[in-house]
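The structure appears right after this line, and notes come after that.
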Amino acid sequence: MKIFLDTANIDDIRTADGWGILDGVTTNPTLAGRERRPFREIVEDICEVMGDRPVSAEVVATDAEGMLTEAREVSSWASNVVVKIPLIPEGIRAITVLCQEGIRVNCTLCFSPAQALLAAKAGATYVSPFIGRLDDIGHDGMELVAQIKQILDNYDYLDTQIITSSVRHVQHVVRAAMVGSHVATLPFQVLEQCFHHALTDVGLQRFLDDWEKAGLSIF
Ligand code: E4P
């Protein structure tokens with residue numbers, strides 16, 4: 001499963017990239033707003049760090065014409081930009097046109113399998129089910145990912161990848177991988193949590209203590 005980082009913070013992206021396991025980045029208007037600098041600068045900086053790996057940047061227009069204008073602009077900033085378009089009727093109209101123009105789209109704010117089917121039919125490269133927000137209202141967000149996966153597999157929608165989004169904890173990451181999500185996009189803290197296990201820390205300490213007691217050395 002590919003791992004994307006869900007942030008617009010360049011320092012977090014550089015740190016995660018240093019671990020060598022980062023496949024892409026997703027941003028959204030809320031995350032970009034936290035950075036307190038121009039949107040274009042944020043996107044260009046992230047795209048430079050990520051090289052040819054995908055970076056999702058979202059439009060804010062809510063009509064198809066406006067989305068198309070913004071999408072063409074944002075995608076001209078770097079070759080690895082993927083334009084994020086919300087899953088509304090105007091968004092699906094815009095995605096159909098953008099796909100014909102060869103602009104890659106991440107269809108965002110997906111909360112149902114029927115919505116995901118529409119995104120795939122329109123030709124979106126990615127569809128982003130928001131599982132944490134579904135859990136928040138008492139639904140099983142991960143069940144949505146499983147349903148979408150089955151639908152895409154049933155009809156060979158090989159060009160659309162699921163990005164498990166709105167991830168809140170490590171179990172979301174594990175379950176996304178178990179149901180075959182192509183990608184999970186993780187907040188920086190969740191990616192950090194993936195490293196940790198109490199027994200790893202205890203086990204490492206014991207090995208180091210035993211090694212020292214035995215007076216061994218590698219060189
Ligand atoms: C997806 O691309 C979104 O940026 C994101 O996962 C939203 O998650 P939230 O529910 O934590 O805001």
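The values are calculated or read from the model by the stated rules, or taken from the named source; none is laboratory data. Values in this document were obtained by computation on a predicted structure and should not be read as measured data. Cβ atoms come from the backbone with ideal geometry, glycine included; neighbour counts cover every protein chain shown. Accessible surface is based on the protein model in full, side chains and every heavy atom, while ligands, DNA and RNA are left aside. Shrake-Rupley method; radii C 1.70, N 1.55, O 1.52, S 1.80 Å.
Work out, step by step, the length gained on full extension between residue 101 and residue 60: first 0.36 nm times the residue separation, then minus their alpha carbon distance; give nm to one decimal. The partial results should precede the final answer.
Working: separation 41, 0.36 × 41 = 14.76 nm, distance 1.98 nm.
Between residue 101 and residue 60, full extension yields an extra 12.8 nm.
Return the carbon/sulfur percentage of the accessible area of the chain, one whole number, probe 1.4 Å, all protein chains in place. Each step should come with its number before you reach the end.
Details: 6160 of 11390 Å².
Roughly 54 percent of what the probe reaches on the chain is carbon or sulfur.
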Can you compute the FRET efficiency between residue 210 and residue 49 using 1/(1 + (r/R0)^6), with r the Cβ-Cβ distance and R0 = 45 Å? Round to the nearest 0.05.
0.65
For residue 2, list long-range residues whose amide hydrogen, built 1.01 Å from N in the peptide plane, is under 5 Å from its own amide hydrogen.
183, 184
Helix 198-214 vs. the chain, principal-axis angle (Cα, 0 to 90°, nearest 10)
30 degrees
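Given N residues in the stretch 104-204, what is its alpha carbon radius of gyration divided by 2.2 N^0.38 Å? Don't skip to the answer; put the middle values down first.
Values: Rg = 14.6 Å, N = 101, 2.2 N^0.38 = 12.7 Å.
Dividing the Cα radius of gyration by 2.2 N^0.38 Å gives 1.15.
Compute the whole-percent fraction of alpha carbon pairs in the chain spaced more than 31 Å apart.
Working: 5918 of 23871 pairs.
Cα-Cα pairs in the chain separated by more than 31 Å: 25 percent.
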In vacuum, with every alpha carbon of the stretch 35-107 counted as one equal point scatterer, what does the Debye formula give for log10 I(q)/I(0) at q = 0.11 Å⁻¹? Two decimals, please.
-0.24
Hey, which lysines would be in cross-link range of residue 149, C-alpha to C-alpha under 27 Å, not counting anything within fewer than 8 residues on its own chain?
2, 84, 121
How far, in degrees from 0 to 90, does helix 89-100 lean away from the longest principal axis of the Cα atoms of the chain, to the nearest 10?
80 degrees
With at most 13 other Cβ atoms within 10 Å, longest stretch of the chain clear of loop trypsin sites (Lys or Arg not before Pro) (DSSP)
37-219
Hey, got a sec? Which chymotrypsin sites (Phe, Trp or Tyr not before Pro) in the stretch 1-44 land in a DSSP loop and have at most 14 other Cβ atoms within 10 Å?
19
Just 97, 183, 25 to compare: in a GNM of the chain, with alpha carbon springs under 10 Å, which one fluctuates most?
97
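Mean separation of Cα pairs under 8 Å and 6+ residues apart, divided by the residue count of the stretch 2-214: what relative contact order is that in percent?
Working: 368 pairs, mean separation 34.4, N = 213.
Once divided by the residue count of the stretch 2-214, the mean separation gives 16 percent.
Keeping every protein chain present and rolling a 1.4 Å probe, give me the accessible area per residue for the chain in Å².
Details: 11390 Å² over 219 residues.
With the other protein chains kept in place, the chain gives 52 Å² per residue.
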Using Cα atoms only, what is the angle between the long axis of helix 64-75 and the major principal axis of the chain, expressed in degrees (0 to 90) to the nearest 10?
40 degrees
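Which order do the peptides 106-118, 48-60 take when ranked by the mean count of other beta-carbon atoms within 10 Å per residue, highest first?
Values: 106-118: 20.9, 48-60: 19.2.
So the peptides 106-118, 48-60, ranked by packing, come out 106-118, 48-60.
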